[in-house]
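> My questions will all concern the structure given below.
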Amino acid sequence: MPTPTQPPLPNAALARFPAEVLAAYERFRTKGDAGAVESVVIAAAIDYRPLGAGAAPAVSDATRLFEDLAYDSVAVAELVFFLEDLFDLTIVNDEIVRVRTIGDLRACVVRKLALREGAKGAPEGRIPG
């Protein structure tokens, strides 16, 4: 439950994320910080792994969703729905089938946000919120 100084979470699933991820999301939301988006995407990719997948390995841009994080098609769909809802964007099937790694996923989300905001003239590294 949010405290009087803490805004309500836009998505209930964020409540299970670590405080630093919540702070990163808030930086994105209030300042358009593209680096913060990347932190949230990484945390979501770890969190949305299928149940019974075991402990999450250390991740990098090269970490593969299917082979390394034990994703299946249902987990991918849940992750995409979460990211679409959280960042108010749409990821179409043609885009998601090209995503193989955490780096691909991060790049896809950042690209979608930049395209959405591009007409507003966002400076490099900043996505208006």
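> Run a plain Debye calculation on the range 15-120 (Cα atoms as equal point scatterers, no solvent) and give log10 I(q)/I(0) at q = 0.11, 0.22 Å⁻¹, rounded to two decimals, same order as the q list.
Values, matching the q order: -0.31, -1.29.
> Excluding E20 itself, calculate the net charge of residues whose Cβ lies under 14 Å from the Cβ of E20, where each Lys or Arg counts +1 and each Asp or Glu counts -1. Each step should come with its number before you reach the end.
Working: positive: R16, R27; negative: E26, D33, E38, D47.
Within the 14 Å Cβ shell, the charges total -2.
> Also, quick follow-up: Sorted by average packing, counted as other Cβ atoms within 10 angstrom per residue and highest first, what order do 69-75, 31-37 take?
On the way: 69-75: 15.3, 31-37: 18.3.
Packing proxy ranking, top to bottom: 31-37, 69-75.
> Positive end of the dipole of the range 15-120, charges at C-beta (+1 Lys, Arg; -1 Asp, Glu), about the Cα centre: which of Y48, L65, G103 has its Cα farthest in that direction?
Value: G103.
> Something else now. Treat every Asp and Glu Cβ in the range 15-120 as -1 and every Lys and Arg Cβ as +1, leave all other atoms uncharged, and give the resulting dipole magnitude about the Cα centre to the nearest 20 debye.
Charge dipole, the range 15-120, about its Cα centre: 260 debye, nearest 20.
> Taking 7 Å along the Cα-to-C-beta vector as the label spot, tell me the A77-A56 distance in nanometres, rounded to one decimal.
Here the answer is 2.3 nm between the modelled labels.
Bear in mind that the values in this text are calculations on the coordinates, not laboratory data. Remember, predicted model here, so these are calculated numbers, not experimental data. No Cβ is skipped: glycine too gets one built from the backbone with ideal geometry, and neighbour counts run over all protein chains shown.
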